[in-house]
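Student: Take this structure first; my questions come after.
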Amino acid sequence: MTPAELSCTVRRAVRRAVEAGELVAPVPERVTVRTPPRPGCGDFATNVALRLAKDAGRPACHVAEVLRRRLVREPGVRRVDVAGPGFLNITLDGAAHSALVEELRGITPSPALPLSPPDGLVRRLGSDAARWSLVTAPGLDRELLLVQREDANPLFRVRYAHARTQALARNARDLGFARGEGGPQGDDSAGLLGLLGDRGRIVESADPFRLARYLERLADAFLHWHHKCPVLPLGDEKPSAVHRARLALAEATGAVLADGLHQLGITAPAHL
């Protein structure tokens, strides 16, 4: 389930609550869902209950509870928690995650974004670094884009994360096992899955600066997840369903990283 699909699901829950007389408030034209800022808070969060509270004449936490009871019955939703003053933290079920992973593994190339670094910059940094320099975070020394270090060079980190996904796929083939169903593999995968679910919204924005920051966050999330959740079996361990699911998630991440880099006109190497 993508963020756009979940947004429609939440809006439908609001509309049905209003039609049933559980809430007296206008149904919003659009409901915003976001990746939670901290792990362990579900896959997505929405503040729709806080937006409705004033019109409904009820505390936001009461509105959130009305919506929670409806959302937990929706297909693809495993759990909904009310947090803070009335936020809804939504956790998707394994089938929804599997569908997202499979969808992303087969994405079609996104349109290229217009980036035209001057020739002098290309001669100094090379084509890839020159293009990234046009969308770099404020204050970053462009010369750092030539440094092959994860902690210093965000472009290297993004490209390294992509290359790592390709290495995992190669090594899995050498071990004789293929991907499986790409469902969740515990709380450690929630942040990565949430970011993957945001991909459609990022592509739709057609904003190269926003895309670059998204690729940085996605690379960081993947590297963190991969460190805690080994994709390949260790030692004499046999490949399990967990390894196969993790491989599918790694492949989906690689596809999204490659597509984002190509949108910026930057190569996505299989080896670094």
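The values are calculated or read from the model by the stated rules, or taken from the named source; none is laboratory data. Just so we're clear, the structure is a prediction, and the values are computed from it rather than from any experiment. Please note: Cβ atoms are built from the backbone with ideal geometry, for glycine as well, and neighbour counts cover all protein chains shown. What goes into the accessible areas is simple: the full protein's heavy atoms, side chains included, and nothing from ligands, DNA or RNA. Shrake-Rupley method; radii C 1.70, N 1.55, O 1.52, S 1.80 Å.
Student: When averaged across all projection directions, what area in nm² does the alpha-carbon convex hull of the stretch 208-272 cover? Write down the numbers at each step before the final one.
Tutor: On the way: hull surface 20.0 nm².
Orientation-averaged projected area of the Cα hull: 5.0 nm².
Student: A further question on this structure: Using the basic label-point model (7 angstrom from Cα toward the beta carbon), what is the ALA95 to ARG30 distance in nanometres?
Tutor: Distance between label points: 2.9 nm.
Student: Continuing with this model, one more query. I'm spelling it out carefully: the read-out is Rg/Rh (Cα atoms, Kirkwood Rh), the candidates are [x] 1.06; [y] 1.03; [z] 0.96, and one was derived from this structure. Which label?
Tutor: Working out Rg/Rh (Cα atoms, Kirkwood Rh) from the coordinates points to [y].
Student: Can I ask one more? Taking 0.36 nm per residue of separation and subtracting the Cα-Cα distance, what length does fully extending GLU74 through GLU150 add?
Tutor: Extending this stretch completely gives an extra 23.3 nm.
Student: Follow-up question, since we're still on this one. If you stretched the chain out fully between LYS228 and LYS54, how much longer would it get, using 0.36 nm times the residue separation minus the C-alpha to C-alpha distance? Don't skip to the end; give the middle numbers.
Tutor: Details: separation 174, 0.36 × 174 = 62.64 nm, distance 4.30 nm.
Length gained, LYS228 through LYS54: 58.3 nm.
Student: For the chain, what is the calculated [θ] at 222 nm in deg cm²/dmol (nearest 500), taking -39500 (n - 2.57) for each run of four or more DSSP H residues and dividing by its residue count? Intermediate values should be presented prior to the final figure.
Tutor: Numbers: 11 runs with 145 residues, N = 272.
Dividing the helical sum by the residues of the chain leaves -17000 deg cm²/dmol.
Student: Here's another thing I want to ask about it. Any idea how far apart ASP207 and ASP119 come out in nm if each label point goes 7 Å out from Cα toward Cβ?
Tutor: 3.4
Student: Calculate how steeply helix 3-19 sits against the longest principal axis of the alpha-carbon atoms of the chain, using the helix alpha-carbon long axis, and give the answer as 0 to 90 degrees to the nearest 10.
Tutor: It is inclined by approximately 0 degrees.
Student: Here is a follow-up. For the chain, take the longest principal axis of its alpha carbons; what is the angle in degrees between that and the long axis of helix 208-228, to the nearest 10 within 0 to 90?
Tutor: Between the helix axis and the principal axis of the chain, the angle is about 90 degrees.
Student: Between the stretch 29-65 and the stretch 71-88, what's the alpha-carbon centroid distance in Å?
Tutor: After rounding, the separation between the Cα centres reads 9 Å.
Student: For ILE266, ILE107, give me the order by solvent-accessible area with a 1.4 Å probe, most accessible first, ignoring ligands, DNA and RNA.
Tutor: Details: ILE266 5, ILE107 40 Å².
Sorted descending by solvent-accessible area, the residues read ILE107, ILE266.
Student: Can you tell me the order of 161-167, 234-240 when each peptide is scored by its average per-residue count of other Cβ atoms within 10 angstrom, highest first?
Tutor: Values: 161-167: 21.4, 234-240: 9.0.
Descending packing order for the listed peptides: 161-167, 234-240.
Student: Compare LEU113, LEU215, LEU155 in a GNM of the chain, Cα atoms joined below 10 Å, and give the one with the largest fluctuation.
Tutor: Judging by the Gaussian network model, the answer is LEU113.
Student: Hey, what angle do you get for helix 60-71 against the long axis of the chain, alpha-carbon based, 0 to 90 degrees rounded to 10?
Tutor: Helix 60-71 sits roughly 80 degrees off the main axis of the chain.
Student: Take LEU140 and LEU272, extend 7 Å from each Cα along the Cα→Cβ direction, and tell me the distance between the two endpoints in nm.
Tutor: Placing both labels 7 Å beyond Cα along the Cβ direction yields 1.2 nm.
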